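Undergrad: Sharing a structure below in structure tokens format, with a few things to ask.
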Amino acid sequence: LPECFAVTRIGTHTALAFFGGGQGRLSERSRVKHRLLAAGGQSRLAVLRRLGMRPVPGLMVTLVSRDILVPYSGVLPACIAGGFPLEDVFIDLRPLARFAGARLIEAEIDALDLESRTAFLPGRPELRFDLLSLNIGSAPDTSSIPGAGEHAVSVKPISDFLGAWERLRQQAVANLQQGRGYQLAIIGGGPASVELACAARTRIRKDSGSDGEGLVIRIVSAAGRILSTHNERVQNFISAELRRKNIEALTEHQVTRVTANRVFCSNGEELEADGIVIATGAAMPAWPGQAGLATSEDGFLEVDQHLRSTSHEFVFAAGDAATIKGLKRPKSGVYAVRHGKPLAANLIRCATGRRLTRFTPQRNALAMLNLGDGRALASRSQWFFQGASMWRTKDWIDRRFLRKYRDLPTMPEQLAITPGLASGKEERELREHALRCGGCGAKVAGSILQDVLESISAAAISATAGSAATGNIASNIEDAVLAPVPAGHELWQSIDLLKAFIDDPWLFAKIATLHCLGDIHAMGARPASALALAGVPFASRSITRTVMRELMLGCVEALAEEDCRLLGGHSAETGELQFGLSVNGHAKPGESLRKQGMKAGDALILSKPLGTGALLAADMRHQAGHSLIDRALQQMLVSNRDAARIFREHQANACTDITGFGLAGHLLEMVTAGTVELQLDAVPVLGGALECLERGISSSLHSDNRLAERHISVRGGDDKLRGSARYEILFDPQTAGGLLAAVPESQAEACLAALRDAGLEHAAVVGQASGDSNGPARIALR
């Protein structure tokens, strides 16, 4: 980037767009092309795994998906029947994306501009790309059935259907247990309808404790026979099987409309129904076609045998949303999954300018249907078999598929050290944390900083920074530097910089901004203005511009919510994505808070839970699920603004923010002498963090933070506490952590209630300042 100082207007706030640069060099992290993966369907899984097994240096990959927990349709019938845990239906895209080195954005594309190669996401910055891959799936086509959208449930998207099914199941069970009947209508005559009918019958009978008397399940199909695309032996068997299970199969019944409790057919028949499910032919969203992508006669995206759009050579499509020109196949999971391997190969070949490989889907695929009672049906062309052995085979195939994308291989971490340079112990320590954490886990260890400060003589500090700075560094460690200003106000200044911990520049910048404001909030000041510090890995001009734009938009949005202006900043080429702020805040004399100042009897109140360090470390190792990381990110997005205000209103005597040095390290900064008591069981912790620590997963800064334990004692001498996950959480570095304040005991209850009323539901009293002020600073656990 050229050296410059450019200010632009974004919304109602003034913001700096790009600043200074520097000489960069091409490295293994350099990005020159951007591949955008739209949606996370089943064929997408193979692409991500391929990228993780064999990375493509120079290719930036972004996955945009509405659902991060992607359901595997193969086990849906078993889940409905009650033989497969609900949580095992889903494949978590977060660890898989981490494994692939792909950016993951939880959102949904709603429009494309193919001329400028731009994707638009509601509520987020647009994304520019060089290559696009669509795997957007499909859903039952209800456009020809008036009332279906209001009164029926579609089997896809599966994640939405599972919630609706639970409501149907509960209603059916309650009706049968109370002696009232229940009628379920399933519209469609394909495999999904048959499996759903059989599974629903098994589950409702089991949960209601009845023989199914009063339960009526109907399959309503416009076709002449159920499973019309299968061979005659299969059709005959299924007809007999449905009769045996008292499931009605109404063929040649074209549904014309539905109401709340009724299904109307073209032959004039009206069917009563307490629940209606749509499992008919599929359709795809309108926006790809509206963008100008070629569609086939069946309404889906038309691709060639390379799975590339017939109208745009930089666009690929796979799964249910794609139809190969001249090779139309059924819209089923078995065909979608088979797209994965050739799609992965051709995406890489296209990006690297190599010849694409042709893919010809098999004409007849093996179909396996779960009959809901420990048996399954298997058919291919004229071949047919059924029984318990087929169910065991199907179960084995499904579980193997799930393990393939859940139990990801551990790829070796490279540690480039010439033999002999490091001792055995040093090399082991470096290898243990070769995967360096981001966020505040990438902070330089406090022990190292202390050693450096102690090694600098007071005279040297005075010569370079002035006597005021000497005093501040030598004895008063504060979160910001105080500089007097006219008009009776104090100016507080602070600076912080984070290495990216998620591959989403927009979200990372929002969290990093709130993190950087934490020091000012901890001082009881109000952020007023900021300068940005952005480090962006060397990449092509278009990718650099995209990343910088996302960073700046995320920062500006976060600052706008704090009523803080971005005045300018600086950027540079760095090995990894970094972002930070130099922040100015104002406070009237006497309003600001200090770290040191707690009084005997003060209650220690923590505003946010701990655990981001361990969870982010697990995420980097693709060993943390989306739900855990999402909850952690949501906590990081909670500003400390309200906590700071509430602590001021309740006369806090001391305050600090909990960041890189963990609760123990930052609490020790608040204690000048004597002992402070900490109730370990009362410390709020993010879900999953303790489990990560129990598995030995911790931040790369954790071991350095643990040096603080020499100042920790256990009341009662119970040393079994040391080494427990609860104990280890004290040393976990926090990114965008909460505030810790010493509040007068008389104000503690009201302060805690105010924090929770403000939405800080995890706020808790975690300890108390004791009356002991003798001896060195110590933390006593109880």
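The values are calculated or read from the model by the stated rules, or taken from the named source; none is laboratory data. As the structure is a prediction and not an experimental result, all values here were calculated from the model. With ideal geometry, Cβ positions are generated from the backbone for all residues, glycine too; neighbour counts draw on all protein chains shown. In case anyone asks, the SASA skips ligands and DNA or RNA and just uses the protein heavy atoms, side chains included. Shrake-Rupley method; radii C 1.70, N 1.55, O 1.52, S 1.80 Å.
Undergrad: Does at least one position in region 630-653 carry a residue that is in contact (Cβ under 8 Å) with a residue 40 or more places away in the chain, open to solvent by less than 40 Å² (accessible area, probe 1.4 Å) and touching a Phe, Trp or Tyr at 6+ places or on another chain (Cβ under 9 Å)?
TA: No - not one qualifying residue is present in region 630-653.
Undergrad: Can you tell me which residue within region 364-421, out of those that are at pLDDT 90 or above, assigned to a loop (DSSP other than H, G, I, E, B) and in contact with a strand residue (DSSP E or B) (Cβ under 8 Å, 6 or more places away or on another chain), is least open to solvent (accessible area, probe 1.4 Å)?
TA: Looking at the filtered set, the residue picked out is L371.
Let's see how each residue does on (1) touching a Phe, Trp or Tyr at 6+ places or on another chain (Cβ under 8 Å); (2) under 20 Å from R631 (Cα atoms):
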position: S65; (1), (2): no, yes
position: G74; (1), (2): yes, no
position: A81; (1), (2): no, no
position: L96; (1), (2): yes, yes
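Undergrad: Please pick out the residue among V216, V234 that is touching a strand residue (DSSP E or B) at 6+ places or on another chain (Cβ under 6 Å) and assigned to a helix (DSSP H, G or I).
TA: Testing whether each residue is touching a strand residue (DSSP E or B) at 6+ places or on another chain (Cβ under 6 Å) and assigned to a helix (DSSP H, G or I) leaves just V234.
Undergrad: How about region 750-782: which of its residues are assigned to a loop (DSSP other than H, G, I, E, B), surrounded by fewer than 21 Cβ atoms within 10 Å (Cβ to Cβ) and modelled with pLDDT of 90 or more?
TA: Result: A758, G759, E761, H762.
Undergrad: Could you tell me whether any residue of region 14-32 is modelled with pLDDT of 80 or more, crowded, with 21+ Cβ neighbours inside 10 Å and not aromatic (F, W, Y)?
TA: No, region 14-32 contains no residue that is modelled with pLDDT of 80 or more, crowded, with 21+ Cβ neighbours inside 10 Å and not aromatic (F, W, Y).
Undergrad: Could you check region 118-202 for strands (runs of 3 or more DSSP E) lying wholly inside it with 2 or more residues that are buried (at least 22 other Cβ atoms within 10 Å of the Cβ), touching an Asp or Glu at 6+ places or on another chain (Cβ under 9 Å) and touching a residue at least 12 places away in the same chain (Cβ under 8 Å)?
TA: 182-187
Undergrad: Going by the conditions given, is A673 more than 23 Å from G518 (Cα to Cα), in contact (Cβ under 8 Å) with a residue 12 or more places away in the chain and open to solvent by 10 Å² or more (accessible area, probe 1.4 Å)?
TA: yes
Undergrad: Okay, moving on. For A603, are the conditions met, namely being under 30 Å from Q679 (Cβ atoms) and either touching a His at 6+ places or on another chain (Cβ under 6 Å) or hydroxyl-bearing (S, T, Y) (or both)?
TA: no
Undergrad: Return yes when S703 is buried (at least 20 other Cβ atoms within 10 Å of the Cβ), more than 22 Å from H762 (Cα to Cα) and of a type in the set (G, A, S) and no when it is not.
TA: No; evaluated as a whole, the condition is false for this residue.
Undergrad: Return the residue satisfying two criteria in turn: it lies in region 731-749 and is in contact with a strand residue (DSSP E or B) (Cβ under 7 Å, 6 or more places away or on another chain) and assigned to a helix (DSSP H, G or I), and of such residues it is surrounded by the fewest Cβ atoms within 10 Å (Cβ to Cβ).
TA: By that ranking, first place goes to E745.
Undergrad: Within region 96-116, work out how many residues are open to solvent by 40 Å² or more (accessible area, probe 1.4 Å) and over 20 Å from R44 (Cβ atoms).
TA: Residues flagged as open to solvent by 40 Å² or more (accessible area, probe 1.4 Å) and over 20 Å from R44 (Cβ atoms) within region 96-116 amount to 3.
Undergrad: Is it true that some residue in region 611-621 is among the basic types (K, R), open to solvent by 10 Å² or more (accessible area, probe 1.4 Å), within 22 Å of D657 (Cβ to Cβ) and touching a residue at least 24 places away in the same chain (Cβ under 8 Å)?
TA: No, because not a single residue in region 611-621 is among the basic types (K, R), open to solvent by 10 Å² or more (accessible area, probe 1.4 Å), within 22 Å of D657 (Cβ to Cβ) and touching a residue at least 24 places away in the same chain (Cβ under 8 Å).
Undergrad: Another one. Assess whether S210 counts as being open to solvent by less than 50 Å² (accessible area, probe 1.4 Å), assigned to a loop (DSSP other than H, G, I, E, B), over 30 Å from V61 (Cα atoms) and among the small types (G, A, S).
TA: yes
Undergrad: Any residue at all in region 340-349 that is assigned to a helix (DSSP H, G or I) and open to solvent by 40 Å² or more (accessible area, probe 1.4 Å)?
TA: yes
Undergrad: Another question about this same structure. For region 268-276, does any single residue satisfy the condition of being open to solvent by 30 Å² or more (accessible area, probe 1.4 Å), touching a His at 6+ places or on another chain (Cβ under 8 Å) and within 19 Å of G147 (Cα to Cα)?
TA: Scanning region 268-276, I find at least one residue that is open to solvent by 30 Å² or more (accessible area, probe 1.4 Å), touching a His at 6+ places or on another chain (Cβ under 8 Å) and within 19 Å of G147 (Cα to Cα), so the answer is yes.
Here is a yes/no grid of residues against (1) in a loop (DSSP other than H, G, I, E, B); (2) within 27 Å of G662 (Cβ to Cβ); (3) free of Cβ contacts under 8 Å to residues at least 60 places away in the same chain:
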position	(1), (2), (3)
L517	no, yes, no
I520	no, yes, no
A530	no, yes, yes
V547	no, no, yes
L567	no, no, no
G575	yes, yes, no
H586	no, no, no
P589	yes, no, no
L593	yes, yes, no
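Undergrad: Here are some conditions: (1) open to solvent by 70 Å² or more (accessible area, probe 1.4 Å); (2) not in a loop (DSSP other than H, G, I, E, B). T256 meets all but one. Which one does it not meet?
TA: Against the list (1) open to solvent by 70 Å² or more (accessible area, probe 1.4 Å); (2) not in a loop (DSSP other than H, G, I, E, B), T256 comes up short only on (1).
Undergrad: Can you name the number of the only condition in (1) open to solvent by less than 50 Å² (accessible area, probe 1.4 Å); (2) in a helix (DSSP H, G or I) that D681 fails?
TA: Going through the list (1) open to solvent by less than 50 Å² (accessible area, probe 1.4 Å); (2) in a helix (DSSP H, G or I), D681 breaks only (1).
Undergrad: Residues of region 557-594 being at pLDDT 90 or above and either closer than 25 Å to L127 by Cα or surrounded by fewer than 16 Cβ atoms within 10 Å (Cβ to Cβ) (or both), which ones?
TA: If the condition is that a residue be at pLDDT 90 or above and either closer than 25 Å to L127 by Cα or surrounded by fewer than 16 Cβ atoms within 10 Å (Cβ to Cβ) (or both), then E557, A558, L559, A560, E561, D563, L577, Q578, F579, G580, L581 are the ones that fit.
Undergrad: If you scan region 213-240, which residues turn out to be open to solvent by less than 50 Å² (accessible area, probe 1.4 Å), more than 43 Å from the chain's Cα centre (by Cα) and not aliphatic (A, V, I, L, M)?
TA: Across region 213-240, the qualifying residues are G214, G224, N231, Q235, F237, S239.
Undergrad: Shifting gears a bit: With (1) out of contact with any strand residue (DSSP E or B) (no Cβ under 7 Å at 6 or more places or on another chain); (2) part of a loop (DSSP other than H, G, I, E, B) as the list, and V75 as the residue in question, which single condition is left unmet?
TA: Of everything listed in (1) out of contact with any strand residue (DSSP E or B) (no Cβ under 7 Å at 6 or more places or on another chain); (2) part of a loop (DSSP other than H, G, I, E, B), V75 misses just condition (2).
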